[in-house]
Amino acid sequence: MFRIIYRETLATKIHLFKIEAPAIVRKALAGQFVVIRIDERGERIPLTLADWDGKEGSVTTVFMEVGATTFRLALLKAGDFIADFVGPLGVPSHIDKFGTVVCVAGGVGAAPIAPIAKALKEKGNKIISILGARSKDLLFWEDKLRSVSHRLIVTTDDGTYGRKGVVTEPLKDLLESGEKVDRVIAIGPTVMMKFCALTTRPFGVKTIVSLNPIMVDGTGMCGCCRVSVGGVTKLACVDGPDFDGHQVDWDLLSARQRIYLDEEKRSFEHWQAQVGKRC
Amino acid sequence: MAKLNLNREPMTKQDPKTRGKNFNEVALGYSAEQAKAEASRCIQCPKHPCAEGCPVEIDIPGFIKAVLDDNMPEAVRILKDKNSLPGICGRVCPQETQCEQSCSLAKKGAPIAIGRLERYVADWERTNMEAMNPKAEPPRPTGKKVAVVGSGPAGLVAAADLTKLGHSVTLFEALHVAGGVLMYGIPEFRLPKEIVQAEVAYVASLGVKIELDSVVGKVVTLAELLESGYHALFLGTGAGAPMFMDIPGENLNGIYSANEFLTRVNLMKAYQFPEYDTPVLVGRRIAVIGGGNVAMDSARCALRLGADEVYIIYRRSEVELPARREEVENAKEEGIQFKLLTNPKRYIGNESGWVVGIECYEMGLGEPDESGRRRPIAKEGSEFILDVDMVVAALGTRPNPLIAQTTPDLKTTKWGTVMTDETTGKTMKDRVWAGGDIVTGAATVISAMGAARRAARDIDEYLRR
């Protein structure tokens, strides 16, 4: 059992949990993830590491309520326990001195990109971050991202905060401005990562994306998270989650993310009814 | 001497029509009368070839005699002296190619149903002996610490044996429950999870410390374990990585590896969705590719989830099916349809990325290949399309590379299996042993247990040096 030592709601339906897991903290690196299971009946879902604290022995993850498991997770309070918290899993992000790196975060992607930007900055890179959300009430960690960036651009789709529009617009402007960009890292919804990769492709800038297919075990056992990269089937859990965005078969990823749409709806309704009964 | 009885006592099974709709155990076990009747067939021949056919060296005539003498605690004692997992072995061991094949009666008629008797003794113990279980005298502690990685059949046996020898053992498991393939792979109707957990609990009761949710290779490396005070390591991480055919369309929605399908159904209990959160697709026309036990398990799970038609697609003919005969018969009785001498060429998808069909070849058989079986050859121009809405690829597994990747001095073969000394299980890395599927590639529960026993013996010798 793993104790939730702190929780905070960062934005509408976006929550931060700090979980006590000292063994994981000792090995955690930017870009890795954990697999969690709430209780005996729970499913296993992956959550990317957002932060970790050696002194406290805690791992921070951020998630958005999108289905049954995240809905159930959001009901938990500090002091509660979750059954399983496994990691650190996946290959850590490649951290090196590249020069200028643009870190593009969409929505909940702000959480996993923060430790990557931090590690890249510590390595001596110039970090330009682009943080985007649909609307102001979905934005979080602006300060945190600013603190690990030399420059931060914020966008909202509806113009309620920062520049109006989507993240690919300032990304394209940067690439066209003559700024020498050596690497782009994009983390967020699949469609956002896809369009970031499409934006950078004509400029030939290496673009790393962190893929988020459905997983079960997260250790290479089930093959659920298979993705096609450069025409070769890879497992996101053990070969990724970071891949070259220009090589990813985005349509396949999008299709595979929709496998359980009906079941997810059923499960969500099932739990909402359960919670309703309890209240 | 009494007249030889050449016919074995049959074991009751759930009716095929009924069992095809539930996940309860298919075989119902012997009653006391049936067990005694079967035990009475044993001629107690002096050479007991059956015991020699047993990879874990159980005194088979001994426990059978105890059953006949109505001395069940003694039967349990004899069985558990050599086998910590009898309830599991009694159900899933291929006895027909091991102890039962060597039985003296096999030359004249049906060999003694050793597996069924083993199961009977194990089940008797589980229901009758808990209260009277006399704790064996705890062994003298040696002060040595051993880490066992992986809690499948090999890991459980290595951990139990080493603990009985007085070593302090910690068993590391990557998943949230111990048992490995016994939990995620083999279905409830063939091996109830309650029985696996009872036998895991027995191993824990010996003094084995079990660390769940611990992915060795990630949260801690072998080198770190050895530096942190473990005197020796046993690797029993199995062959958990699924193989695919690498043909077009294999990543379409609706195509599962058997590992994923069975993990969802067994480990995550998707057959109880939405009470349990993990979903699994329920197809109407399902093809399972492969002819081994895992393919039979997958097909029979798919049927129980509610499929209309379930096909086994296998590239060789019936005689080459690698699955146990008993499981093939069970599958047939339940209505699984066998499409033999058939092999997929490619999968066909619709515009939303879901599988809708398989283009298959008809196959012929050529000369025997290196495995001794006749090589399957695709007949050009024989292609036909089988309409399906779900596929389970049960094409075999290979060792998970996570540990090898973080242990450069652990030598592996081109198939990813760990190289060991055949008799001792010692790897090329100092103080590290390995056994089971991680060494042999996917094989049987009992062969993994036998390898673990031999490695435990060698580890013990090393630790006492």
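The values are calculated or read from the model by the stated rules, or taken from the named source; none is laboratory data. Quantities reported herein were computed from a predicted structural model and do not represent experimental measurements. Don't worry about glycine lacking a Cβ; one is built from the backbone with ideal geometry, like all the others, and counts go over all protein chains shown. SASA here: full protein model, heavy atoms, side chains in, ligands and nucleic acids out. Shrake-Rupley method; radii C 1.70, N 1.55, O 1.52, S 1.80 Å.
Some notes on this structure:
- Summed buried accessible surface, chains A and B, 1.4 Å probe, nearest 100 Å²: 3600 Å²
- Per residue, the convex hull spanned by the Cα atoms of region B:319-465 measures out at 176 cubic angstrom.
- Between A:GLN247 and B:ASP369, the simple label model (points 7 Å from Cα in the Cβ direction) yields a spacing of 2.9 nm.
- Region A:27-159, Rg to Rh (Cα coordinates; Rh as Kirkwood inverse mean 1/r): 0.99
- Given charges at Cβ of Lys, Arg, Asp, Glu: the protein assembly as shown dipole, positive-most of B:ALA307, B:PHE189, A:THR155: A:THR155
- Carbon-plus-sulfur accessible fraction, region A:2-89 (probe radius 1.4 Å, protein heavy atoms only): 53%.
- Working from label points 7 Å from Cα in the Cα-to-Cβ sense, the B:ARG284 to B:ASP387 distance is 0.8 nm.
- Where both bridge residues fall in region A:93-202, DSSP classifies roughly 0% of the beta bridges as antiparallel.
- For region A:39-68 and region B:203-253, distance of Cα centres in Å: 22 Å
- Each Lys and Arg contributes +1 and each Asp and Glu -1, all at the Cβ; summed about the Cα centre of region A:88-234, the dipole is approximately 300 debye.
- Model label points for A:TYR6 and A:ASP137, set 7 angstrom from Cα along the Cα-to-Cβ axis, are 2.6 nm apart.
- Considering only GluC sites (Glu not before Pro) in DSSP loops that have at most 13 other Cβ atoms within 10 Å, the longest stretch of chain A without any of them is A:41-178.
- Global geometry of region B:397-465, whether rounded, prolate or oblate, following the gyration tensor of its Cα atoms and the 1.5 cut on a/c: oblate
- When the alpha carbon gyration tensor of region A:220-279 is reduced to an equivalent ellipsoid, its three semi-axes come out at 33, 12, 9 angstrom, largest first.
- With the convex hull drawn around the C-alpha atoms of the protein assembly as shown, the volume per residue stands at 180 Å³.
- Report note on the peptides B:151-159, B:258-266, A:152-160: ranked by the mean count of other C-beta atoms within 10 Å, highest first, their order is B:151-159, B:258-266, A:152-160.
- Taking the inverse of the mean 1/r over every pair of distinct Cα atoms in region B:8-143 gives a Kirkwood hydrodynamic radius of 15.7 Å.
- Cross-link partners of A:LYS136 among lysines (Cα-Cα below 26 Å; sequence separation of 8 or more within a chain): A:LYS13, A:LYS18, A:LYS77, A:LYS118, A:LYS144, A:LYS164, A:LYS172, A:LYS194
- Entry note, region A:1-126: relative contact order of 31 percent, from Cα contacts under 8 Å with a spacing of 6+ residues.
- Seen through its C-alpha gyration tensor, with square-root eigenvalues sorted a ≥ b ≥ c, chain B comes out oblate because a/c lies at 1.5 or above while a/b is not bigger than b/c.
- Per residue, in Å², the accessible surface of region A:93-202 once ligands and nucleic acids are set aside, probe 1.4 Å: 42 Å²
- Shape summary of region A:2-89, radius of gyration then Dmax from alpha carbon positions: 11.8, 33 Å.
- Dipole size of chain A about its Cα centre, with +1 on Lys/Arg Cβ and -1 on Asp/Glu Cβ: approximately 300 debye, rounded to the nearest 20.
- Net charge in the neighbourhood of A:ASP182 (other residues with Cβ under 13 Å of its Cβ; Lys, Arg +1, Asp, Glu -1) is +4.
- Candidate lysines - alpha carbon under 23 Å from B:LYS339, same-chain residues fewer than 8 apart omitted: B:LYS17, B:LYS21, B:LYS379
- For chain A, share of DSSP beta bridges that run antiparallel, in % to the nearest 5: 60 percent
- Accessible solvent surface per residue of chain B, calculated while the other protein chains remain in place, 1.4 angstrom probe, Å²: 41 Å²
- Contact with the other protein chains removes 30 Å² or more of accessible area, compared with the isolated chain and a 1.4 Å probe, from these residues of region B:251-279: B:ASN251, B:ASN253, B:GLU260, B:THR263, B:ARG264, B:MET268, B:PHE273, B:PRO274, B:GLU275, B:TYR276, B:ASP277, B:PRO279.
- Under the convention that each Lys and Arg Cβ holds +1 and each Asp and Glu Cβ holds -1, the size of the dipole of region B:90-183 around its Cα centre is about 200 debye.
- Shown for region A:236-261: residues covered by the partner protein chains by 10 Å² or more of accessible area relative to the chain by itself (probe radius 1.4 Å), namely A:VAL238, A:LEU252, A:ALA255, A:ARG256, A:ARG258, A:ILE259, A:TYR260.
- Straight-line reach from B:LYS429: taking Cα to Cα under 21 Å and skipping same-chain neighbours fewer than 8 places apart, the lysines in range are B:LYS144, B:LYS145, B:LYS218, B:LYS411, B:LYS414.
- In a fully extended conformation the segment linking A:ASP53 and A:GLU169 would gain 38.3 nm over its present Cα-Cα distance, using 0.36 nm per residue.
- Measuring nothing but protein heavy atoms, the accessible surface of chain B at 1.4 Å probe radius is 52 percent carbon and sulfur.
- The Cα trace of chain A gives Rg and Dmax of 18.2, 59 Å, the first to one decimal, the second as a whole number.
- At 1.306 mPa s and 10 °C, Stokes D of region A:93-202 from Kirkwood alpha-carbon radius, µm² per second: 117 µm²/s
- Interface burial in region A:76-123 reaches 10 Å² or more for A:ASP84, A:VAL86, A:GLY87, A:PRO88, A:LEU89, A:GLY90, comparing the full protein assembly with the chain by itself; accessible area from heavy atoms with a 1.4 Å probe.
- Normalising the average separation of contacting C-alpha pairs (under 8 angstrom, six or more residues apart) by the number of residues puts the relative contact order of chain A at 17 percent.
- Extension gain, A:LEU261-A:LEU75: 0.36 nm per intervening residue step, less the Cα-Cα distance, totals 64.7 nm.
- Segment B:THR221-B:GLU380, length gained on full extension (0.36 nm per residue, minus Cα span): 52.3 nm
- 3J(HN,Hα) couplings calculated from phi for region A:137-142 with the Karplus curve 6.51 cos²θ - 1.76 cosθ + 1.60 (θ = phi - 60°) are, in sequence order, 6, 9, 7, 8, 6, 4 Hz; Gly and Pro show x.
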